[in-house]
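The structure appears below as C-alpha cells.
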Amino acid sequence: MRLRAGLEALAATWAISVGATELPVAEAESVGMSTERLERIDVAMQRHIDAGRIQGAVTAVARRGKVVHFKGHGLMDVEAERPMSRDAIFVMMSSTKPILGVAAMMMIEEGLIRPSDPVEKYIPELADMQVAVLKEPADEDISPLQVKGRNPPAHRLVPAKTPITIHHLLTHTSGLMSGGLGAAVSGRGKQARGTLASYIPTLAEVPLDFQPGSRRAYSGTTGLDVVARIIEIVSGIPFDEFVQTRIFDPLGMHDTHYNVPPSKAARRVVIHGRDMSGTGGVTTYFSGSFGLSSTAKDYLHFQQMLTNGGELFGRRLLSPRTVAMMTSNQVGDLLVSNERKRRHGTGAGYTVGVVLDPIAADSRRSAGAFGSGGAFGTISWSDPAEEIAGVILLQQPYGAAIYDFENAVRQAIID
C-alpha cells in the first residue's frame, strides 16, 4: 500500500497537462530495477546534506522509457529554509553544451553543414588564424596547464597550419580560447558579449592556444559559441529560437530557458554562499557553451531522447546513426591537455564524454554510455546498454554525491 501510494504521488508530481509529452511512471521492478536499492539514493543525498557538502539536489532515473525515481533532497534556499522542490530550476552551466551538440547534429543531418567544413566558410573573419607559441624554446607549443598567472611567457605568433573546422570546435581540439597561451595573451575575460552575431567575428583577434587538431583542451565558454553562430547562419533562425522550436518544444522541456520568466523566478535554486546577482538578468547572448537554466524533468526528457536513439513522444529529432556519431569517440587518443591526469577508458564525442572501458575509467556506467555536466554540479547521462537515463542536479560541484548517485543507480539494476 505504501509503495502504491508513493508511485501515485510520483505520477501526480510528474504529470503536468501538456499533452503527449510525459514519460510514464512505473514501479522499478517492472523494468528490472529494485525499489529498495533506489532508495539508497535518498540515503546518500541526505548523508552529504547532513555533512554540509551540498545544500540539496534533485535526482531522476528512467529505465526503458519509464520513470522509476524522481526526488527532491535538502533545501533550494538555505536562508529561507525552503525544501527542494522537484521542479526547482537550476543554473546548468556547461550542461548547455549537449543541447548545442544536438542542434549541430540536426544541421549535419540536413546537409547544411559538415564536420569537416572550415569555420571560415561561414565566418570569413576567422580565416588565417594565428597560433601563440613560445619564443624560447623556439616555437614550442605549450599545454594550457603550463600557462599560469597574469604574465604569460614571451611568445610570438605563427600561422595556423590548418583552418579550424566544425569538428575541431565540437571536440575541443580547435585551440580557440581553451585556457592556453593564446587565450592568455588575448586579454579576453568576462567582458559583455552582446550577441553571437556581434561577438563571434571579433575572435579573429584571439591567437589560438595550439595548432588545430594537435591537442584537446576544453574551450569552456567560447568554442561551441562559434558553432551556435554557424547554426544561426545556415538555418536563418536565432540560436535561442532554434533550440526552442527544434528541441525544447518537441521534448516537452517547458522549463528550460536562457531568460527565466519572472513567473518562474521563485523556483530558482538559491545557491548558498555564492553571489547569484549575475545569473538572473536578461541576456541577449545565447551561448552554445553555457547560459541555460532548467529542471531535472526537462533534462531527463533530453537524455531519454538520446537513449532512444533520437526519438521521444513519437517525435524524431535525430536518426539513431546520427546519435551514434555524436556519442562515439571522435578524438582517438589525443591527450586532454588541460586535465590534471589522463582519464583512461574515456573518450569524447561531439559535446559529450563517452565511456570506452568502464573498468579503466572507474565508471558506474556501461561501455558506450555518454553524458555531460556543468560547473555547478549538474550531471545527466544516457546508458543505452542498460536502457537508462539519469539526472542529478546540484548547485555545489561535489563529486562524491555524483559518484554515490550513479553507484546506487547501477546497483539497483536487477535484470
Once you charge only the Cβ atoms, +1 for Lys and Arg and -1 for Asp and Glu, what is the size of the charge dipole of the chain about its Cα centre, to the nearest 20 debye? 460 debye
Rounded to the nearest 10 Å², what accessible area does E387 show when all protein chains are kept and the probe is 1.4 Å? 80 Å²
Throw me the Rg/Rh for the range 338-415, computed over C-alpha atoms with Kirkwood Rh, two decimals. 0.94
Quick check: residue separation of A197 and D50 times 0.36 nm, minus the Cα distance between them. What number comes out in nm? 48.3 nm
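Per the Kirkwood definition applied to all pairs of different Cα atoms, how many angstroms is the hydrodynamic radius of the chain?
Radius from the Kirkwood sum: 22.1 Å.
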Would you kindly state how much longer the chain becomes between S85 and V43 on full extension, computed as 0.36 nm times their sequence separation minus their alpha carbon distance, in nm to one decimal? 13.4 nm
Please list 210-221, 393-404, 261-272 highest first by mean number of surrounding beta-carbon atoms within 10 Å per residue. 210-221, 393-404, 261-272
Label-point separation in nm, E241 to Y398, each point 7 Å along Cα→Cβ: 4.3 nm
How much length, in nm to one decimal, is gained on full extension between S319 and E205, taken as 0.36 nm per residue of separation minus their Cα-Cα distance? 37.2 nm
Can you pull a Stokes-Einstein diffusion coefficient for the range 111-223 at 25 °C (0.890 mPa s), Rh from Kirkwood over Cα pairs, as a whole number of µm²/s? 173 µm²/s
Report the one residue of A296, H272, I230 whose Cα lies farthest in the direction of the positive end of the charge dipole of the range 188-319 (charges on C-beta: Lys and Arg +1, Asp and Glu -1; origin at the Cα centre). H272
Measure nothing but the geometry: give the 0 to 90° angle between the long axis through the Cα atoms of 35-50 and the longest principal axis through the Cα atoms of the chain, rounded to 10°. 60 degrees
So what is the relative contact order of the chain, in percent, for Cα pairs below 8 Å that sit 6 or more residues apart? 23 percent
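The values are calculated or read from the model by the stated rules, or taken from the named source; none is laboratory data. Note that the structure is predicted; figures quoted are calculated from it, not measured. Cβ sites come from the backbone with ideal geometry, for glycine too, and all protein chains shown count toward neighbours. Remember, those area values only see protein heavy atoms, side chains included, never the ligands or the DNA or RNA. Shrake-Rupley method; radii C 1.70, N 1.55, O 1.52, S 1.80 Å.
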